[in-house]
Amino acid sequence: NAKAKGSPVLWKNVVDPFAALFYFSLRMTVSAMSTSHSDSIAVPSLYGSFETMTYRDITMPVVDLDGYVATTPLDPKLFDSELMELLGFPPNHAQSVLQVCLTGPFMLDQAKHDWLEDGDRNTWAQASVGLGRSFLRKKDWIMSLWAPYTLADNVAMWPKTEVDFGQLFLKADLWDDGLEQAIAFSSIGTHRLETTKRDFGGEQLAFVVSLNAFASLEVRPGFGRYGGDMYFSEAGMPVLVVTPDGTEVSHASKDWQYWKFVWRSSLFSIITLQDHLNTAHYKVANVLAASSRRELQPDHPARRVLTVFTWGSIGINYKSMFALSLKDSALSRTMPVKAFDSLTETVPESLPDITRTVEYFADESRWAELPRQLQEAPFYADGLLLFRALRGLVQGYFDLFRDQWCDQDDDALTDSGLLALEHDLASTLAAANYQGDYTRRKTCTQAAERVTAALYTVTAYHRHVGQVGDFAIDPEVAAFSW
């Protein structure tokens, strides 16, 4: 229990061995990282087949032909070393010897020991959280695990706070309704806002974020279910939550604070699992990185530009499979879903085609359908600007090489590399049961539209659904399970 100056306290009765090792290994890895810049991206030199791994419906590369993004000083030595080859791993493998051989077996062995049913351990009281104790709020204890540490270039390890929800909205131990308004209209929930017409108590409700469909996910004993459809007034204030069993809970109800928490936590969890991990990372970045390296020669103009947008994806996605998707992974312990490992089959089938992500940006008539409140929301207002910039980049690229890539009469794709890429993308997406029409041949115009949608997904959309440090650090704002 000894504590060095400036280091967090991990009491032996607070954090189980799995969580402790996961924390220390993650902190060690991140502390050796530095902020990436454009000169970090390698110029492609290889293409063709490579080793992959498949878990349920998800297939991803085990190596990155463009080079592995080293995360510790030892990585460059370990990844291309004779030791890796003796262990049967090819060069540029996306895991280090330390992770594969040392931490992996121990963590799998400890995964089931989470102390959840041990009343004397794994409690906030044991962590000395509360009035008059070492940490006033739960957030303060969690922040103590990260605040003292930096990346290798002295950038703070935990992302800088953008919005302090507690400071803004926690009033006398109650969360002000402005929190849900901010989440829905100015933060991670905006892309899930829908218009509606519903009368409640004489008030017209204009917007809803619906999550009750996820209540069908069976949870482990003792945990609450995901769900809650939250309705908002035309002014954007939360008015009503309809629970998974149909109960209507208003802000006058004694259960209002609880169901607001359930809704916030459900939204945070579903966005992390479905929109961030499975859409931005697995469906788009993973597939685009793999197919482009497999089918496009290193000097192909499209390969060069796609490398910029997929650099590092293979390494981070491969690691995320072990940390976030497998049975007994860190995320499976954090979430209450009973058959967690089956989500790699069920989630892909529920994801819409990537063009849905940008439908309001790509089509002026669809944009005009958005109410003013949404057009002015940061997700849409800023997203439109970046989408137009990406579309100009992609269209300019196609125009530059149109004589080589496109038929001048009917705009059909004629470039052999892009045709091979299109076929590989279609077969990979179809094999994983992702929604979309992968049967008809694309014109150059259609191909440019889909490439733009993909690049938007791995940039602006990923930033929108993935930059959630302000939520993750404060379990009173949102939690993966309760």
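Within the stretch 154-185, being in a loop (DSSP other than H, G, I, E, B) and either hydrophobic (A, V, I, L, M, F, W, C) or farther than 24 Å from L240 by Cα (or both) holds for N154, V155, M157, W158, P159, K160, T161, E162, V163, D164, A172.
The number of residues in the stretch 207-235 being over 16 Å from V262 (Cβ atoms) and crowded, with 19+ Cβ neighbours inside 10 Å comes to 2. A residue that is buried (at least 16 other Cβ atoms within 10 Å of the Cβ), assigned to a helix (DSSP H, G or I) and out of contact with any Phe, Trp or Tyr (no Cβ under 9 Å at 6 or more places or on another chain) can be found somewhere in the stretch 346-355. Is the stretch 195-208 home to any residue that is in a strand (DSSP E or B), in contact (Cβ under 8 Å) with a residue 12 or more places away in the chain, within 23 Å of Q467 (Cα to Cα) and touching a Lys or Arg at 6+ places or on another chain (Cβ under 9 Å)? Within the stretch 195-208, one or more residues are in a strand (DSSP E or B), in contact (Cβ under 8 Å) with a residue 12 or more places away in the chain, within 23 Å of Q467 (Cα to Cα) and touching a Lys or Arg at 6+ places or on another chain (Cβ under 9 Å).
Selection of the stretch 405-457 for residues being aromatic (F, W, Y) and open to solvent by less than 40 Å² (accessible area, probe 1.4 Å) yields W405, Y434, Y456. Which of the residues belonging to the stretch 321-355 are closer than 16 Å to I271 by Cα and of a type in the set (S, T, Y)? Listed by number, the residues that qualify are S325, S332, T334, T344, T346, S350. For the stretch 17-51, a residue qualifies if it is open to solvent by less than 60 Å² (accessible area, probe 1.4 Å), over 27 Å from V347 (Cβ atoms) and either over 25 Å from the mean Cα position of the chain (by Cα) or at pLDDT 90 or above (or both), and the qualifying residues are P17, P44, G48.
Before we move on, is T54 closer than 30 Å to W146 by Cα, β-branched (V, I, T), surrounded by fewer than 16 Cβ atoms within 10 Å (Cβ to Cβ) and at pLDDT 80 or above? Criteria not met by T54.
Of note, R366 satisfies the criterion of being open to solvent by less than 70 Å² (accessible area, probe 1.4 Å), among the basic types (K, R), part of a helix (DSSP H, G or I) and farther than 17 Å from P301 by Cβ. When T279, T357, T344 are screened for being modelled with pLDDT under 95, within 15 Å of the chain's Cα centre (by Cα) and within 16 Å of A453 (Cβ to Cβ), only T357 passes. The condition of being farther than 14 Å from T355 by Cα, within 27 Å of the chain's Cα centre (by Cα), open to solvent by 60 Å² or more (accessible area, probe 1.4 Å) and modelled with pLDDT of 95 or more holds for only one of L374, L385, L400, that being L385.
Residues that are in a helix (DSSP H, G or I), touching a Ser or Thr at 6+ places or on another chain (Cβ under 7 Å) and more than 19 Å from I188 (Cβ to Cβ) within the stretch 369-413 comprise L390, R391, V394, W405, listed in sequence order. Restricting attention to the stretch 437-482 and to residues that are within 13 Å of the chain's Cα centre (by Cα) and not in a helix (DSSP H, G or I), the residue that is farthest from W124 (Cα to Cα) turns out to be Q467. Residues that are open to solvent by 40 Å² or more (accessible area, probe 1.4 Å) and either in a helix (DSSP H, G or I) or out of contact with any Lys or Arg (no Cβ under 9 Å at 6 or more places or on another chain) (or both) within the stretch 320-338 comprise F322, L324, K327, R333, T334, listed in sequence order.
The values are calculated or read from the model by the stated rules, or taken from the named source; none is laboratory data. If you're wondering where the values come from, they're calculated on a predicted model, not measured in any experiment. Cβ coordinates were reconstructed from backbone atoms using ideal geometry, including for glycine residues, and neighbour counts include every protein chain displayed. What goes into the accessible areas is simple: the full protein's heavy atoms, side chains included, and nothing from ligands, DNA or RNA. Shrake-Rupley method; radii C 1.70, N 1.55, O 1.52, S 1.80 Å.
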